[in-house]
1. Distances in nm, one decimal, shortest first, from A:Phe252 to the same residue in every other copy, taking the label point 7 angstrom along Cα→Cβ.
2. Would you mind ranking A:Met18, B:Met45 so that the residue whose beta carbon has the fewest other beta carbons within 10 Å leads the list?
3. Cα-based Rg of region B:368-455 per 2.2 N^0.38 Å, rounded to two decimals?
4. Starting from the Cα-Cα distance between A:Glu116 and A:Gln61, subtract it from 0.36 nm times their residue separation and give me the gain in nm to one decimal.
5. What is the distance, in nm, between label points placed 7 Å from the Cα along the Cα-to-Cβ direction at B:Thr245 and at A:His436?
6. Using the Cα centre of region A:368-455 as origin and beta-carbon charges of +1 (Lys, Arg) and -1 (Asp, Glu), tell me which of A:Ala390, A:Tyr380, A:Gly430 is placed farthest towards the positive end of the dipole.
7. How big is the shadow of the Cα convex hull of region B:15-354, averaged over all directions, in nm²?
8. Taking H placed 1.01 Å from N in the peptide plane, check which residues at least 5 places from A:Ile397 or on another chain put their amide H under 5 Å from its amide H.
Number of protein chains: 2
Amino acid sequence: MEKPTLPKGTRDFGPAVMAKRQFIFETIRSVFQKFGFQPLETPAMENLSTLTGKYGEEGDQLLFKILNSGDFLKDADAQLLSTKSSKQITSSISEKGLRYDLTVPFARFVVMNRNEITFPFKRYQIQPVWRADRPQKGRYREFYQCDADVVGTDSLLCEAEIILMITEVFKGLGIADYTIKINHRGILSGIAESIGAKQNETSLFVAIDKLDKIGEEKIKEELRPKGFSEESLTALFDILHVKGTTTNKIAFLQSRFDASESGQKGLRDLQEVFNLLKNYNASDNHVEFDVSLARGLSYYTGCIFEVKINNVAIGSVSGGGRYDNLTQAFGDKENLSGVGFSFGVDRIYDAMDELNLFPKGATATSKVLVCHFDDDSLYYGLGVLSALRAAGIASEIYPDHAKLKKQLDFANKKAIPFAIVIGPEEAQSGQLALKHMDRGEQEKLPIERIIEKIKQP
Amino acid sequence: MEKPTLPKGTRDFGPAVMAKRQFIFETIRSVFQKFGFQPLETPAMENLSTLTGKYGEEGDQLLFKILNSGDFLKDADAQLLSTKSSKQITSSISEKGLRYDLTVPFARFVVMNRNEITFPFKRYQIQPVWRADRPQKGRYREFYQCDADVVGTDSLLCEAEIILMITEVFKGLGIADYTIKINHRGILSGIAESIGAKQNETSLFVAIDKLDKIGEEKIKEELRPKGFSEESLTALFDILHVKGTTTNKIAFLQSRFDASESGQKGLRDLQEVFNLLKNYNASDNHVEFDVSLARGLSYYTGCIFEVKINNVAIGSVSGGGRYDNLTQAFGDKENLSGVGFSFGVDRIYDAMDELNLFPKGATATSKVLVCHFDDDSLYYGLGVLSALRAAGIASEIYPDHAKLKKQLDFANKKAIPFAIVIGPEEAQSGQLALKHMDRGEQEKLPIERIIEKIKQP
């Protein structure tokens, strides 16, 4: 029999990794809840009619499709089958696909439950998504997303709270060096207008989004063949090179956006977000107004965000922005403005691992192993175990009769920090041997004192 | 455009339901961890070679299969396609399936990581599984399982700890009236031997497992045509009708199992489990030795468990038992004895709902809504909000300008228990109006006192 394997691009998470992942999830979840976001979970499977056409043609190809149950070929067209037309046959043999992101299922939920939902609606969602992408380092076919969105309000308070939440999550995770980049769709439009490239926005945005990576010259090379004059390119980099504080940048852009209403609107929004932060008594230390941030702008209409952890190989670990109408894709006529963002847990995990930021306590192992010599000390040990657990201390007993060395080896391998060793003498006197596994030291104490010791932070 | 729908047998979990589900999950998770079980997560998708043949023919048919990516028909046999042989074509167009339970993925994990795992290995796993079953009340196509298993030891301590864990989970959930039924594969064999039906075990076990539901006469009707004599049936019900304490039952069966080694072994094991419980200082109040419990015995080899919440429509909410060799199905030669059990969260949820057992606190909503009259009081409110959150109180501010009535309606609809109302006067004096939404009462207090009030349990 062949040794079993995992599907390409998927992973098992064993105990050590799980403990760290749970630490990240719980940190994010508790911040979301503290900010009044409510949990939602949707099924792993959605009807393909819900998913198809929502992610562009490339996205459609990356959907995992589920074969209909039973005699799935029954309704398939014989002619198409004989020509092996995979693409055309799909809809007749597969009705369901795996969730590709959390936004479309959220929009579907809102459309289906519109009458029961109290707007503005703040929901968070922490679930895996699946993409039939080519697996490579840091890119998986199954990965978790953690999304928070507010829909049903235009208020810029939501944007300010996104910054606050990111700040609080990173504080909770112990990540100190990071940057929350912010920009605004209106400001990007303002730039396009002010350099006379209004008709050519998309090419412009795609190009400048890469400024960090490819630099000025390459961007010029990319834009020249698309009809950008040298004059407009000079004007463009005059703007993109804006330096100084946010206030400076806003003042400078105001002078350039005389003729651009959307540019002015973008600047006002941004200024108000910073103003709100001040009223929250919150610092904007980590926030950077980045004129070149564009983030595949297809559906963003207001502020856009991107978060980078500094000094790690991994790029962006979180991003989001304001969109005009969440439920449009389902033919919903009532506009439902919203703003949301998403944490990429796998990337945060990799970054924290690289920076060695996981707290030592983040293990998923018992605090104590109870060790024993014979039947009597084992039976005695069960009472000790019950006392430890009643005190809320995660603990276990070595289940088999084995030499003490083997039992202590077990504790070491599982990184259990304490062992209580019980022999006939200890069971008699109630003075138990508490072994500190890291230091190898041992002391004799009654169980009440041991519990106190272990519970000390 | 059509209104979107959910795939048959799947569900969305909105905020109110999620809060209750999270309460159940967290209770189970914390008990598992307190008993030294470590978390494991495996991918939603497994190779079909891992899944197929592990759940019997019916199980194979209930697997959700995932269409290969890209041109999936490329390698399919043209002849089979033309005859529309769904079953035979499957393996050439689908390599992966969705997880059907948590046991097979666990076994696969153990086989793949045998050299890194420290045995005995205690893992828990809380994840959804998928089955293409006919949906009906209480039966879904996507549902969560919560499994805990120990592999690599024969020790009956594990069985005792399963009983302890079930007891502690139910205590945490507030479920007081339940029964943990226990039996032993050896005892069932002992019964078969003692009534002369050793060759006919399977029919016997299948029949007596239904004693509760269909009663004595129907079981006799079922067994007669299968070659059971009236004499053996009389002997059978003589045993099945055994009454009294566990000690009585064991003594009675001992007298019948003179000739059955496995029967004697079963009784010894059971007696030792009860003896261990006593040494844990644990009660066996909820434990019932049920001679007729059989639980589709296919792979159990020792103790078997089943848990019922009493006085609800729903039947079993948890079950498990000891098995001989977890990794056998993957051709593993080294025997790996284990024992495990599983909680059915959906059923526990339904039972708790029926019994009205969810604690009032189990909501996923903010504790406080900050309400405001104008720009100034809104800005002032942001500082109040920051103070609340700094104190760990989940809170939010109404994001738009709106009449107070609308803001308070919003709090009511979301079941937010407190509102802080800030007008120009309150912003001036710092004496804020705290409204108790349930009672409709209002008092004026500074923010520090409000925080104290709200944090009181």
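Here, each number is a calculation from the coordinates, and none is a lab measurement. Just so it is clear, the structure is predicted and the values come from calculations on it, not from any experiment. All Cβ positions, even for glycine, are placed from backbone atoms using ideal geometry, and neighbour counts span all protein chains on display.
1. 9.1
2. A:Met18, B:Met45
3. 0.95
4. Going from the current span to full extension adds 16.4 nm.
5. Here the answer is 4.7 nm between the modelled labels.
6. A:Ala390
7. In nm², the orientation-averaged hull projection of region B:15-354 is 20.9.
8. Correct list: A:Val370.
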